[in-house]
Amino acid sequence: MDIFANNKAFKLAFEQAPIGMAIAGPDFRFLKANDTFCRLTGYSEKELLQRTFVDITHPDDVEIDVSKAEEIFLGTSDCYQLETRYIRKDGRTVWIVLTVTTLAVEDKVFSLGMVMDISERKRKELSHRQSLLQQQQEDFVAMLNHDLRVPMLGCNRILELLCEDNVTSEEQKRLLHQLLKSNRELTAKMQKILKVYKFEEELSRRTWKEVNACDVARQTICRMRAQAQAKQIEIAATIAENPIVIRGDGISFQELISNLIDNAIKFSEPQARVEIKVEQCDNEMVLSVSDYGAGINPSLQNLMFARLWQGGEGGYSSSTGLGLYFCKKIVDAHNGVIQCQSAPGEGSTFVVKIPLIQAVTADGRKKRRPR
């Protein structure tokens, strides 16, 4: 079948386009490729016609690319765009922006892929991340000095007092309990510091995939009910029935929800209520976690996501100064925003908004996200 038979203008535009263009069938096999696409992949058109786009896609990117292509051929979507990687004939990896749209010829449906090489931009981004990583390593050392020096001095002082001859057994018991409490706090702080540092260090190596925010929220809430029940806290969850799909890292997104719920439980009085909602608003996933605790002074709300912030008036504080900072790092990595809505005596609501990969209509049908 000659795809260009009845459209010579399209054939000319396809062949002379300054961007890579290729046409594939429902079996993902290439049917046409222009010169720019051939130069980008290192294959001749004849070689490409013996391959599918899966054959030249980076293994870590195949799953999402295939799922999007299937939507094209199933008719549930007519266009998608993503950043992905091709493996050239010479083995080198090339980063591209891939835009795929439906191409209907007579009674048959094909996919038209358009690609632009963004390898240079990715190299600059990597260089920037490496510079940031070096700065983070320096900050990590400073953080250890800031957060661990004072508690260690306190522990040493307790040990010195225990070594004195005139310490009574009752006083020894009190000092040992104090030492145990200090060591637990020190361990928790160290674990939090290492978690934040590890997340920042591994961020550039993570593979972002489709994540159903509703499923992750349900699983996280289920795991945290025991913690809430121990404090007689009721967790009230309102989770959308239809999938709400974001592009991200499922483990990090789970940690984000856990941190926000943990804070809500921590700063709620016994027998209080914590509310969690996950919903779709336009083209965003909206997660909100609300408590009815002491609330936060508005003057502090711009500071609370900074590293080492440990609270102030209003009753809301952090033992490490890293919990909300960690939440913001996760949200930033997902191209989202996090906000706090609070006032003293009125509780707090933390709202997270992250862009969707695809929206879902009320009847469960997929709705393409506008570009």
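The values are calculated or read from the model by the stated rules, or taken from the named source; none is laboratory data. Everything quoted here is computed from the prediction, not taken from an experiment. FYI the Cβ positions are ideal-geometry reconstructions off the backbone, even for glycines, and counts take in every protein chain you see.
Quick notes on this structure:
- Members of the range 222-264 that are of a type in the set (Val, Ile, Thr), buried (at least 20 other Cβ atoms within 10 Å of the Cβ) and more than 30 Å from Glu83 (Cβ to Cβ): Ile233, Ile261
- Some residue of the range 226-238 being within 23 Å of Met285 (Cα to Cα), in a loop (DSSP other than H, G, I, E, B) and not polar (S, T, N, Q): no
- Conditions (1) over 19 Å from Pro59 (Cα atoms); (2) without any contact (Cβ under 8 Å) to a residue 60 or more places away in the chain; (3) touching a Lys or Arg at 6+ places or on another chain (Cβ under 9 Å); number of the one not met by Cys79: (2)
- Being at pLDDT 90 or above, closer than 16 Å to Gly25 by Cβ and either out of contact with any strand residue (DSSP E or B) (no Cβ under 9 Å at 6 or more places or on another chain) or not in a strand (DSSP E or B) (or both) is not true of Glu47.
- Flag if Ser44 is surrounded by fewer than 15 Cβ atoms within 10 Å (Cβ to Cβ), of a type in the set (Ser, Thr, Tyr) and closer than 30 Å to Arg206 by Cα: no
- Within the range 265-289, the set of residues being more than 17 Å from Ala333 (Cα to Cα) and buried (at least 18 other Cβ atoms within 10 Å of the Cβ) comprises Ile265, Phe267, Ser268, Ala272, Val274, Ile276, Val278, Gln280, Ser288, Val289.
- Number of positions in the range 169-212 that are outside any helix (DSSP H, G or I) and modelled with pLDDT of 85 or more: 4
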